[in-house]
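Structure first, then comments.
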Amino acid sequence: METAEKEMRLIMDGSELIVESVARAGADVFIGYPITPANLLYSYSQERLPSFFAAPDEISTLQWMCGYATTGKFPVTASSFPGFALMLESINMAYMMELPMLIILVQRLGPATGTATCGAQGDLGLLQGAISGGFPLPVVSISSMKDCWEMPAKAMKMAIDLRTPVVLLTSKEEIMTLSSFSVKNLPEINKIERTFYNSTETYMPYKTGATLVPEFLPVANTEHQVRFTASTHDQKGIIQNTSKEAIDNTKRLEYKHRQNKTEHLFYDYDEQSGADTLVVSYGITSAACREAVNAVRADGHKVSMLIVKTMLPVPPVYFEIMDKYKKVVIAEENLTGQFKNILFGERGNKNVSGVNGIAEMITPARIAEAILSK
Amino acid sequence: MKNFLTDAPLPFCKGCGHNHIAANTEKALQLLGYDPMNVVLVTDIGCHGIIDKSFLTHTVHGLHGRSVALATGVSAALNNPDKKVIVFIGDGGATIGMQHLIDAAHNGFNMTVVIHNNFLYGMTGGQPSEFTPFGFKTPYLPDGGKKTGYDICKLISAVDGVSYVSRLEGISDFSKELAEAFSRKGFSLVEVMEICPSYGVKANPGMKLSKVVESAGLKIEKFVDRGETEAYQTTVKTDLKSLFHEEDAIKTLFPTQLEKPIRMMLCGSAGEGVQAAAEFLLKAGITSGLNGTKKGSYPVTVGVGFSAAEVILSSDEILYTGSPNPDVMCVTSADGLEYARKTIANMKGGKLFIDSTLTAPETKAEVIYFPFRERGGAKNSSLYMIFYFLKTTGMIPMDALLHVFGENKIAKKFDLPKMFELLNEPYTEEMSDKTKTIA
Ligand SMILES: Cc1ncc(C[n+]2csc(CCOP(=O)(O)OP(=O)(O)O)c2C)c(N)n1
Ligand code: SF4
Ligand SMILES: [Mg+2]
């Protein structure tokens, strides 16, 4: 670190960076219901965003956000599993209506209320199946303080580009731990300028072209009638049973998210030539992973590292990278290896092993051991 | 006069009360001279909800029971009382989503809620709702309702913040009454009583709507009308400041190099300054030019049980922020010891500072007892602990800790010379200078 930069360090937590990031990217409102460990996001947002609403529960939270989103404004919320569970039907609604919004999911130890003040990485499996029908809900995660700054704005851009709710996945220690951090020389975040349908031709709310994303038009505009619906619908936004047009529209929701656009693909691939082993991680375990890789390399061993940030839908490039290695180790703070299971199924793959555990952060020592084990 | 409904037939069974509400809504909006582009109709799930396709206004068709909450978001975001937000919801939706009705009324969000009360869940086959009156039969209640149904008008009238509440029978022309509700700013609600011919009439042959309403003891009247009330206004702040307070940036005043990172853990009881002491250490480390992290652990309820903090200081970048094997462990209370026991047992070396009232578990760490609680009192035990351990280990400059402590407002009320005396350490003139903020 440059000396001048060191001179300008603040004591910050990740929550502060996240909220500043969404504020600069143009989030209009935070709507939320308190829950540990997401409360810092709630309180910083109250101070930093143009509007703030304390909703009476998490179903209301998501519904209010959907209402906000229909008007072309960008809403943000933050919760943990118990609140997220209540939001689920409404997230499906936002997904079907194609409403951009950001939901920050701060993982804590479950099941149920579990331990509110203990971090975890236990909700990826839930997110993988969150949309009825198995449609992909975009999930991005953060792996460092710098990501707390960059990823929220990128997730917002993704939500707007794809007209969809996006989940920013994190966990307690990532956003509550205080760190010395320099805000000098951070990449700039500009307000995301949204474009709306502007043509005199009759607006069809769910008609799309090559992008597979319908153009957005806010409700209550005076030019065109706008319809949003959570039910199976045609391009006009009118409820249908299972007409071809409507089912094609529903299928489009799958294809829209499977375009694997490079501008929505975020990962750090640290390739060491000659390495046979790849260690993969995400979220809170990324830091331990980076430390383990440094230590292993310092001892003269070769290892490559993949820190994934675009989590779901799984970008095919991750498989391309993993296929280059004889051995893949996936480290994550849950009991069964949820990301591993998403990638390789319950049956697994003989070249792939996990470093797992709950109730404490996975240590660099355990990851190093797994990298070196024969 | 603009049309609000398409020419297509309405999507309801013959004779369904929902038909009348749609037609009267159009008429009411025409009476008020609305443009359909200034109206947003938010509909619930239920037979009544599929009306959205017939309306020429903007339409939002959501989930069962959540339409009022959805409309709340629309209304709060539009923040413009000239845009009319109308909610169509059934007795079923009002049952499952009652909280949203109370909440929207309580806040006075700008909208008119039209409850289509046909005393049952029409869409799913005529099951009873919480609005089903005593004695009213449905295919699922062949002997009739066993209790009186909700009086939603009474309930919502009791909520502070509501502008208008009325109940009417959904027969003939009630467009004027609807128009009155639509014209009110803030939150207005109209409960329209109707009968579902397919399930209600079939289960209660020959029953008349007015009889059902009357025998249920439900009054057809205006419950609340506050007249010209203020519209709800969403606060939209424009004078927003960055969360980065660059004026709080920490300067390196006591440059220090560490050969390897120091991982410290402070364990005590809630309310005994553990987190604050850890933050002093963190800040002192950063003032020494080091990188630092501080992680807190505590039970959910603040103010009881253990409170623990992990501080890491390093000349290099800190990645992993855990301390499974700390270099320094400080334990000031029994709660803290319980929490730290496993970690202490794991320590392969380093130092354990522990209050004299406690007994250190088996460990490879060097154990140092000191009566922190007795000397500093419970409240200051953590503060005494960090000064003591820094004094004895010299891990980072004491001057840095004195400096960051001196900057804090608690220093003003704190007797530092006395603390050093109680810690059996000399407190010098020079040290006192260090607590004075360095420009
Ligand atoms: C969360 C949820 N639970 C249950 C249902 C099934 N459901 C659909 S409509 C309905 C009841 C509708 O009754 P009401 O609101 O009175 O409308 P009506 O059909 O009588 O007009 C129910 C229970 C659903 N769609 N969503
Ligand atoms: S089932 Fe009942 S409520 Fe539904 S449309 Fe038919 S008459 Fe109306
Ligand atoms: Mg009903």
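The values are calculated or read from the model by the stated rules, or taken from the named source; none is laboratory data. Because the structure is predicted, anything quoted here is derived from the model rather than measured. Positions of Cβ are backbone-derived with ideal geometry, glycine not excepted, and every protein chain shown enters the neighbour counts.
Please tell me if B:Tyr199 is crowded, with 17+ Cβ neighbours inside 10 Å, farther than 30 Å from B:Lys84 by Cα and either within 42 Å of the chain's Cα centre (by Cα) or not assigned by TED's automatic domain parsing to the domain that holds B:Ile86 (or both).
Against the criterion (crowded, with 17+ Cβ neighbours inside 10 Å, farther than 30 Å from B:Lys84 by Cα and either within 42 Å of the chain's Cα centre (by Cα) or not assigned by TED's automatic domain parsing to the domain that holds B:Ile86 (or both)), B:Tyr199 qualifies.
Go through the range B:123-149 and give me each residue that's of a type in the set (S, T, N, Q), surrounded by fewer than 21 Cβ atoms within 10 Å (Cβ to Cβ) and under 16 Å from B:His64 (Cα atoms).
Listed by number, the residues that qualify are B:Thr124, B:Gln127.
Considering only residues that are of a type in the set (A, V, I, L, M, F, W, C) and in contact with a helix residue (DSSP H, G or I) (Cβ under 6 Å, 6 or more places away or on another chain), look in the range A:66-81 and name the one that is nearest to A:Ser171 (Cα to Cα). Walk me through it before giving the result.
If we filter the range A:66-81 for residues that are of a type in the set (A, V, I, L, M, F, W, C), which is where we start, we get A:66, A:69, A:74, A:76, A:78, A:81.
Cutting the leftovers down to in contact with a helix residue (DSSP H, G or I) (Cβ under 6 Å, 6 or more places away or on another chain) gives us A:66, A:76, A:78.
On the way: A:Cys66: 25, A:Val76: 17, A:Ala78: 11 Å.
The qualifying residue nearest to A:Ser171 (Cα to Cα) is A:Ala78.
Here's a check for you: in the range A:169-190, which residue that is part of a loop (DSSP other than H, G, I, E, B) and modelled with pLDDT of 95 or more is nearest to the other protein chains (Cβ to nearest Cβ)?
Quick first cut of the range A:169-190, residues part of a loop (DSSP other than H, G, I, E, B) only: A:177, A:183-190.
Adding the requirement that they be modelled with pLDDT of 95 or more leaves A:177, A:187-190.
Working: A:Thr177: 5, A:Pro187: 14, A:Glu188: 13, A:Ile189: 11, A:Asn190: 14 Å.
Restricting to residues being part of a loop (DSSP other than H, G, I, E, B) and modelled with pLDDT of 95 or more, the top hit is A:Thr177.
Could you go through the range B:100-108 and let me know if any residue there is within 16 Å of ligand 3 (Cβ to nearest atom), closer than 30 Å to B:Val236 by Cβ and either hydroxyl-bearing (Ser, Thr, Tyr) or under 33 Å from the mean Cα position of the chain (by Cα) (or both). Explain how you work it out, then say what you get.
We begin by selecting, within the range B:100-108, every residue within 16 Å of ligand 3 (Cβ to nearest atom); these are B:101.
Right, trim to closer than 30 Å to B:Val236 by Cβ and you get B:101.
From the residues that got through so far, the ones that are either hydroxyl-bearing (Ser, Thr, Tyr) or under 33 Å from the mean Cα position of the chain (by Cα) (or both) too are B:101.
Taking every residue of the range B:100-108 in turn, at least one turns out to be within 16 Å of ligand 3 (Cβ to nearest atom), closer than 30 Å to B:Val236 by Cβ and either hydroxyl-bearing (Ser, Thr, Tyr) or under 33 Å from the mean Cα position of the chain (by Cα) (or both).
For B:Gly93, all conditions in the list (1) within 16 Å of ligand 1 (Cβ to nearest atom); (2) within 10 Å of chain A (Cβ to nearest Cβ); (3) out of contact with any Lys or Arg (no Cβ under 7 Å at 6 or more places or on another chain) hold save one; what is the number of the exception?
Just one mismatch for B:Gly93, condition (2).
Output the residue which, of all residues in the range A:208-249 that are at the interface with chain B (Cβ under 10 Å from one of its Cβ atoms) and of a type in the set (Gly, Ala, Ser), is nearest to B:Leu63 (Cα to Cα).
So the residue we want is A:Ala230.
Assuming A:Gly125 fulfils every condition listed in (1) closer than 24 Å to A:Ala287 by Cα; (2) within 14 Å of chain B (Cβ to nearest Cβ); (3) surrounded by fewer than 18 Cβ atoms within 10 Å (Cβ to Cβ) apart from one, which condition is it?
(2)
Within the range A:188-233, which residues are touching a His at 6+ places or on another chain (Cβ under 8 Å) and over 26 Å from B:Ile45 (Cα atoms)?
A:Tyr197, A:Thr202
Evaluate the range A:68-78: report whether one residue or more is more than 8 Å from chain B (Cβ to nearest Cβ), free of Cβ contacts under 8 Å to residues at least 60 places away in the same chain, out of contact with any His (no Cβ under 7 Å at 6 or more places or on another chain) and farther than 29 Å from B:Ser242 by Cβ.
no
Looking at the structure I just gave you, is A:Phe266 surrounded by fewer than 16 Cβ atoms within 10 Å (Cβ to Cβ) and of a type in the set (Phe, Trp, Tyr)?
no
Of the residues that sit in the range B:90-105 and are surrounded by fewer than 24 Cβ atoms within 10 Å (Cβ to Cβ) and among the aliphatic types (A, V, I, L, M), which one is nearest to ligand 2 (Cβ to nearest atom)?
Looking at the filtered set, the residue picked out is B:Ile96.
For the range B:49-62, does any single residue satisfy the condition of being assigned to a loop (DSSP other than H, G, I, E, B), at pLDDT 95 or above, within 15 Å of ligand 1 (Cβ to nearest atom) and surrounded by fewer than 24 Cβ atoms within 10 Å (Cβ to Cβ)?
no
Looking only at residues in the range B:237-292 that are β-branched (Val, Ile, Thr) and farther than 30 Å from A:Leu49 by Cβ, which one is nearest to the other protein chains (Cβ to nearest Cβ)?
My answer is B:Thr252.
Take the conditions in contact with a strand residue (DSSP E or B) (Cβ under 7 Å, 6 or more places away or on another chain) and assigned to a helix (DSSP H, G or I) and apply them to B:Leu281. Does it pass? Give the derivation first.
Working: in contact with a strand residue (DSSP E or B) (Cβ under 7 Å, 6 or more places away or on another chain): yes; assigned to a helix (DSSP H, G or I): yes.
Answer is yes for this residue.
Of the residues that sit in the range B:3-25 and are in contact with a Phe, Trp or Tyr (Cβ under 9 Å, 6 or more places away or on another chain) and in contact (Cβ under 8 Å) with a residue 40 or more places away in the chain, which one is nearest to ligand 2 (Cβ to nearest atom)? Before the answer, list the steps.
Keep residues of the range B:3-25 that are in contact with a Phe, Trp or Tyr (Cβ under 9 Å, 6 or more places away or on another chain), which gives B:4-6, B:18-22, B:24-25.
Add one more test, that the residue is in contact (Cβ under 8 Å) with a residue 40 or more places away in the chain, and what stays is B:4-6, B:18, B:20-21, B:24-25.
Values: B:Phe4: 20, B:Leu5: 16, B:Thr6: 18, B:His18: 5, B:His20: 11, B:Ile21: 11, B:Asn24: 15, B:Thr25: 16 Å.
Filtering the range B:3-25 for residues that are in contact with a Phe, Trp or Tyr (Cβ under 9 Å, 6 or more places away or on another chain) and in contact (Cβ under 8 Å) with a residue 40 or more places away in the chain, the one nearest to ligand 2 (Cβ to nearest atom) comes out as B:His18.
Take B:Phe306 and tell me if it is under 16 Å from B:Met385 (Cβ atoms), aromatic (Phe, Trp, Tyr), surrounded by fewer than 24 Cβ atoms within 10 Å (Cβ to Cβ) and touching a helix residue (DSSP H, G or I) at 6+ places or on another chain (Cβ under 6 Å).
Yes; evaluated as a whole, the condition is true for this residue.
Look at A:Val226 and say whether it is in contact with a Leu (Cβ under 6 Å, 6 or more places away or on another chain) and among the β-branched types (Val, Ile, Thr).
In short, yes.
Going through the range B:250-278 one residue at a time, which ones are part of a loop (DSSP other than H, G, I, E, B) and either without any contact (Cβ under 8 Å) to a residue 40 or more places away in the chain or more than 31 Å from the chain's Cα centre (by Cα) (or both)?
B:Lys251, B:Thr252, B:Leu253, B:Phe254, B:Pro255, B:Thr256, B:Gln257, B:Leu258, B:Glu259, B:Lys260, B:Pro261
Could you list, in sequence order, the residues of the range B:68-94 that are within 16 Å of ligand 3 (Cβ to nearest atom) and more than 12 Å from B:Val40 (Cα to Cα)? Full working, then the answer.
Initial filter on the range B:68-94 (within 16 Å of ligand 3 (Cβ to nearest atom)): B:68, B:87-94.
Listed by number, the residues that qualify are B:Val68, B:Ile89, B:Gly90, B:Asp91, B:Gly92, B:Gly93, B:Ala94.
Please specify each residue of the range B:113-160 satisfying the condition of being farther than 17 Å from B:Glu214 by Cβ, within 12 Å of ligand 3 (Cβ to nearest atom) and outside any loop (DSSP other than H, G, I, E, B).
B:Ile115, B:His116, B:Leu120, B:Tyr121, B:Gln127, B:Pro128, B:Thr138 - these are the residues of the range B:113-160 that are farther than 17 Å from B:Glu214 by Cβ, within 12 Å of ligand 3 (Cβ to nearest atom) and outside any loop (DSSP other than H, G, I, E, B).
In the range B:28-52, what residues are away from ligand 2 (no atom under 14 Å from the Cβ) and among the hydrophobic types (A, V, I, L, M, F, W, C)?
B:Ala28, B:Leu29, B:Leu31, B:Leu32, B:Met37, B:Val39, B:Val40, B:Leu41, B:Val42
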